[in-house]
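A.B. asks: First the structure, which I've put down as structure tokens, then a few questions once you've had a look.
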Amino acid sequence: MKARYLFRLDDICPTMDWARFNAVADIFMRFEVQPLLGVIPDNKDASLKRDPADPRFWDKMRHFHSARGWTISQHGYQHQYVTQDAGILGINKNSEFAGLPRDIQFEKIAKGKIILTKEGLATDIFMPPSHSFDQNTIDALMDSEFRFVTDGYSILPYERKGIKFIPCQISRLIPIPIGLVTFCLHTNTIEADFPEKLNHFLTNNRNRTINFTEAAEVRASASQVLIEGVVLSVRRAAHSVRARRRAV
């Protein structure tokens, strides 16, 4: 399929860098692009305390969701890394979930879901912090009635154990020619010229940009699981080579 672009914004919480977030949000609103917001239900990550907590945070999230049509996803629970397990994808050696027993993961996921539901932002989309999750996470998500995960290596959505994975591949604004491409943006740490780059990208690619609902309708392909396996194998082999070189 010709490329379709989805944007997701990670680490959305009351104490995020609001100036950076607003600069990006203004561009999305101007182009009428509807990104996926990764909202942390109960942030305890000190590194994400960039500004004083905004007392209107939940009102703003409800506005983006109901008035602007932006999609809400649950970004973990408290965004606190408690293990050094890289999980299935093997990207980052820290996790809020991977490596924990299934019942503990279920409890954390359920607590986060309750918070979002009480705030009028019920969702069945999960965004794992640090791209780290394992089979216990997937099982706990199933038990919590989640249907989607925004993560995974592939060029199209795929299903794993009853959960549909909408792939998330890249953070740089590169016009990939094929597949469903999710750009993963951390507004807390974007550089000063990023809004200009985003404006330029959307000027040239707005017609290829879709929202999460449209992305979720793209047919899943079983072959994507195989593609993910190949990518992970290559990553692990490269990591092993680098480790041996450092040991020499």
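The values are calculated or read from the model by the stated rules, or taken from the named source; none is laboratory data. This one's a predicted model, so the numbers in the text were calculated from it and none came from an experiment. All Cβ positions, even for glycine, are placed from backbone atoms using ideal geometry, and neighbour counts span all protein chains on display. Just the protein is used for accessible areas: all its heavy atoms, side chains included, with ligands, DNA and RNA removed. Shrake-Rupley method; radii C 1.70, N 1.55, O 1.52, S 1.80 Å.
A.B. asks: Of ILE176, ASN188, PHE133, which is farthest towards the positive pole of the chain's charge dipole, taken about the Cα centre with +1 and -1 on the beta-carbons of Lys, Arg and Asp, Glu respectively?
C.D. replies: Sorting the options by dipole projection puts first ILE176.
A.B. asks: To continue, here is another question. What are the ³J(HN,Hα) couplings of region 166-180, residue after residue, when phi is run through the Karplus curve with 6.51, -1.76, 1.60 and θ = phi - 60°? Round to Hz, x for glycine and proline.
C.D. replies: 9, x, 10, 10, 7, 10, 7, 7, 10, x, 5, x, 9, x, 9
A.B. asks: Given the options HIS63, HIS131, HIS79, which has the most mean-square fluctuation in a GNM of the chain, springs set between C-alpha atoms less than 10 angstrom apart?
C.D. replies: Result for the chain, Cα springs under 10 Å: HIS63 fluctuates most.
A.B. asks: Something else about it: Please work out the FRET efficiency for the pair ASP42 and ALA3, using the Cβ-Cβ distance as r and a Förster radius of 35 Å; give the result to the nearest 0.05.
C.D. replies: 0.45
A.B. asks: Modelling each spin label as a point 7 Å along the Cα-to-Cβ direction, I'd like the ASP59/ASP143 distance in nm, to one decimal.
C.D. replies: 3.8
A.B. asks: Ranked highest first by the average count of other Cβ atoms within 10 Å around their residues, in what order do 22-30, 190-198 fall?
C.D. replies: 22-30, 190-198
A.B. asks: With every protein chain left in place, what is the accessible area per residue of the chain in square angstrom, probe 1.4 Å?
C.D. replies: In whole numbers, the chain has 48 Å² accessible per residue.
A.B. asks: Distance check, please: which entries in LYS49/LYS118; LYS44/LYS118; LYS60/LYS93; LYS108/LYS164; LYS113/LYS197; LYS2/LYS197 exceed 26 angstrom between their Cα atoms?
C.D. replies: Cα-Cα > 26 Å for LYS60/LYS93; LYS113/LYS197; rest within.
A.B. asks: Taking amide H atoms as placed 1.01 Å from N in the peptide plane, list the residues 5 or more away in sequence, or in a different chain, whose amide H sits under 5 Å from that of LEU180.
C.D. replies: ARG4, LEU156
A.B. asks: Right, another one. Give, rounded to the nearest 20 debye, the magnitude of the charge dipole that the chain has about its Cα centre when Lys and Arg contribute +1 at Cβ and Asp and Glu contribute -1 at Cβ.
C.D. replies: Dipole magnitude for the chain comes out near 740 debye.
A.B. asks: For the charge dipole of the chain, defined by +1 on Lys and Arg C-beta atoms and -1 on Asp and Glu C-beta atoms about the Cα centroid, which residue among PHE106, PRO167, THR15 has the Cα displaced farthest towards the positive pole?
C.D. replies: PRO167
A.B. asks: 5 Å is the cut-off here: which amide hydrogens, built 1.01 Å from N in the peptide plane, fall below it relative to ILE72, excluding neighbours closer than 5 in sequence?
C.D. replies: For ILE72, whose amide H was placed from the backbone, the distant partners under 5 Å are LEU37.
A.B. asks: May I ask you to list, by number, the DSSP H helices of the chain whose Cα span along the axis is at least 27 Å and whose average Kyte-Doolittle hydropathy reaches -1.0 or more?
C.D. replies: 223-247
A.B. asks: With a 1.4 Å probe and every protein chain kept in, tell me what percent of the accessible surface of region 1-74 is carbon plus sulfur.
C.D. replies: Carbon with sulfur: 47 percent of the solvent-accessible area.
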